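Please read the structure below before turning to the comments.
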């Protein structure tokens with residue numbers, strides 16, 4: 001059963017079309033990855049699902065009910081983890097979660113129970129009396145999540161929940177997302193970190209210029225680009241590297257440099273490895289390693305949109 | 001909706017009053033305002049009136065007699081001085097008022113046309129009226145002699161000499177002096193108006209702060225509507241301003257014994273009506289400001305000058321007519337005018353025009369703010 005159905009959704013700001021005739025479905029119980037570069041239309045779509053923005057055209061149904069005519073029903077069943085931390089610094093962790101859960105009508109013993117449960121869930125049970133101003137970035141992000149789940153929503157929308165945090169907190173959050181999913185929550189997850197999406201999402205939609213350009217499981221998406229290959233070349237130093245020279249080699253689709261690794265996406269049927277290595281030697285680049293990678297989501301994204309996710 | 005509003009109101013009140021600064025700003029300052037009013041006007045309450053006298057009319061007997069007359073008045077202490085020192089002493093509050101007997105004063109009385117006498121003060125009628133009325137009576141008598149003599153100096157001297165033989169009869173009867181209480185009340189209400197307006201903007205500014213720290217997005221993504229949220233903020237505003245009003249009036253009457261002469265039942269509703277106008281203005285400021293610091297700047301730009309123009313810091317009577325006309329367009333003026341009229345004995349029911357104007361200010365501010373909120377409620381800013 002679909003928990004969320006979006007049909008022909010459009011949002012215009014003046015002449016600018018932020019979301020362009022978008023249609024997608026999210027099934028109950030899945031972790032749905034929503035991928036797109038900055039300005040692709042992710043946040044606008046999320047805002048419309050959360051009833052924070054009115055659509056210009058199209059319908060959004062949550063659990064079979066239109067969110068336009070059943071706004072309160074939709075809001076009660078959705079939990080939003082915003083990209084920016086939205087908590088009160090002058091209230092304790094417990095007071096923060098309690099206040100936001102109270103907005104959903106919870107009171108008394110049930111409110112207390114859910115508040116404690118949410119704090120325990122994100123690993124802040126022992127910090128319930130502490131003020132967020134004394135928290136690390138990761139702890140604040142976890143509190144940000146606790147505030148969104150205490151009322152036990154059926155659909156949780158997580159907008160970049162791991163931005164700027166330490167690896168320990170990131171792992172904690174990713175495990176929490178999986179646990180929430182196991183407990184029956186459906187999750188829409190947006191992230192700039194492709195490996196996170198690849199690790200936890202069951203289905204993924206790639207958004208570009210307000211449109212869904214691909215949708216499916218990781219395997220289905222990777223299958224789209226079987227005609228290309230990734231070549232990763234480790235180099236000693238990159239000062240004299242010319243990306244333009246590499247792009248002129250027949251078959252090369254895209255080239256990017258990440259620290260001391262040159263990542264090349266190339267057509268699968270053309271054997272151009274020798275030419276690539278020769279060009280690097282010609283440019284006086286010292287090669288440390290050469291690997292051919294199996295296609296991953298990053299390659300899929302790059303191939304479909306022509307740009308990096310972090311562009 | 002009521003349950004949601006109650007939840008929001010409790011949270012805002014808890015958050016506001018957990019800081020000591022808020023207690024000082026919302027509760028302490030109105031009391032400080034009453035104290036300042038007492039310090040400003042308390043020194044003239046029942047004390048001796050200090051009058052500086054400048055005699056530029058030489059040794060004229062009539063002038064000397066007039067000075068002695070002032071000296072002989074009850075609760076008046078005179079100081080003979082020169083014009084420059086007089087002005088400095090009045091400015092420094094060493095003297096309450098000054099009398100300048102200019103050259104020709106005695107001659108004008110002999111002619112029956114009193115001139116060349118000036119009475120100066122910066123404290124207004126409350127300190128000059130006593131000396132002025134008694135001196136007028138004395139000068140009037142001497143001028144009447146001058147008119148009777150019709151320029152005949154010998155006849156004047158004879159009549160004046162006879163007049164001096166008789167004691168000037170003055171029967172004094174004590175009545176309650178309310179002028180000082182009125183001034184103190186006016187000043188205390190003036191300060192209360194200022195504090196209420198600043199408090200209201202500070203409280204409404206919480207909406208902008210919520211937007212800035214993104215909690216507004218969370219609130220709007222819950223079943224609570226933006227309308228409920230803004231309404232809860234208005235109710236918190238009303239509650240805190242009501243506390244300020246009741247506390248100030250209680251402190252004035254019970255603790256500092258400043259009797260405004262207006263019953264609580266009349267004073268509280270009219271102050272509350274003004275509170276609504278203040279809240280309307282604060283909503284307007286918040287609707288037009290792009291950030292909390294912008295709202296702070298607008299608050300200073302609007303509240304301080306308008307309070308000054310309407311007479312919150314000193315009586316409007318001392319301002320030029322043109323400025324007093326401007327104050328007709330300010331809600332503070334209509335509140336102070338209502339208080340003044342109630343103290344002067346106007347019936348509460350006869351102030352309907354003042355009430356209507358205050359209500360119109362509140363409604364106009366709120367309507368423009370609502371229109372503006374509707375126009376700029378773009379959540380793109382908060383996602």
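The values are calculated or read from the model by the stated rules, or taken from the named source; none is laboratory data. Remember, it's a predicted structure, so these values are computed and weren't measured experimentally. Virtual Cβ from ideal backbone geometry, glycine too; neighbours counted across all protein chains shown.
A few points about this structure:
- Verdict on residue A:47 being within 10 Å of chain B (Cβ to nearest Cβ) and outside any strand (DSSP E or B): yes
- Qualifying positions in the range A:50-89 - assigned to a strand (DSSP E or B) and either touching a residue at least 40 places away in the same chain (Cβ under 8 Å) or not assigned by TED's automatic domain parsing to the domain that holds residue A:217 (or both): A:57, A:58, A:59, A:60, A:61, A:62, A:78, A:79, A:80, A:81
- If you check B:363, B:287 for being surrounded by 15 or more Cβ atoms within 10 Å (Cβ to Cβ), touching a residue at least 12 places away in the same chain (Cβ under 8 Å) and touching a helix residue (DSSP H, G or I) at 6+ places or on another chain (Cβ under 9 Å), only one passes: B:287.
- In this structure, residue A:63 does not satisfy being more than 10 Å from chain B (Cβ to nearest Cβ) and under 18 Å from the mean Cα position of the chain (by Cα).
Results for (1) under 26 Å from residue B:39 (Cβ atoms); (2) assigned to a helix (DSSP H, G or I), shown as yes or no for each residue.
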site	(1), (2)
B:268	yes, yes
B:276	no, yes
B:280	no, yes
B:295	no, yes
B:299	no, yes
B:309	yes, yes
B:313	yes, no
B:335	yes, yes
B:346	no, no
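- The requirement of being under 23 Å from the mean Cα position of the chain (by Cα) and either part of a strand (DSSP E or B) or away from every other protein chain (no Cβ under 14 Å) (or both) is fulfilled nowhere in the range A:90-98; no residue meets it.
- Any chance residue B:85 is free of Cβ contacts under 8 Å to residues at least 60 places away in the same chain, in a helix (DSSP H, G or I) and farther than 19 Å from residue B:142 by Cβ: yes
- Here the range A:222-234 is the region considered, the condition is being part of a loop (DSSP other than H, G, I, E, B) and touching a residue at least 60 places away in the same chain (Cβ under 8 Å), and the residue that is farthest from residue A:198 (Cα to Cα) is A:226.
- Residue in the range B:76-91 that is in contact with a helix residue (DSSP H, G or I) (Cβ under 8 Å, 6 or more places away or on another chain) and modelled with pLDDT under 85 present: yes
- Any hit, the range B:39-46, residues being surrounded by 15 or more Cβ atoms within 10 Å (Cβ to Cβ) and at pLDDT 85 or above: no
- The lone criterion from (1) under 15 Å from residue A:188 (Cα atoms); (2) surrounded by fewer than 22 Cβ atoms within 10 Å (Cβ to Cβ); (3) within 13 Å of chain B (Cβ to nearest Cβ) left unmet by residue A:80 is number (2).
- Residue among A:14, A:39 that alone is over 24 Å from residue B:374 (Cα atoms), without any contact (Cβ under 8 Å) to a residue 24 or more places away in the chain, surrounded by fewer than 21 Cβ atoms within 10 Å (Cβ to Cβ) and within 14 Å of chain B (Cβ to nearest Cβ): A:39
- Residues of the range A:246-270 that turn out to be over 31 Å from the mean Cα position of the chain (by Cα) and exposed (fewer than 15 other Cβ atoms within 10 Å of the Cβ), as a count: 4
- Any helices (runs of 4 or more DSSP H) falling wholly within the range A:235-311 and containing at least 1 residues that are free of Cβ contacts under 8 Å to residues at least 24 places away in the same chain: A:243-247, A:273-282
- Only one of the listed residues (B:97, B:121, B:108) is at pLDDT 85 or above, touching a helix residue (DSSP H, G or I) at 6+ places or on another chain (Cβ under 6 Å) and either assigned by TED's automatic domain parsing to the domain that holds residue B:158 or closer than 20 Å to residue B:183 by Cβ (or both). That residue is B:97.
- Hey, residue B:58 loosely packed, with under 15 Cβ neighbours inside 10 Å, free of Cβ contacts under 8 Å to residues at least 24 places away in the same chain and more than 14 Å from chain A (Cβ to nearest Cβ) or not: no
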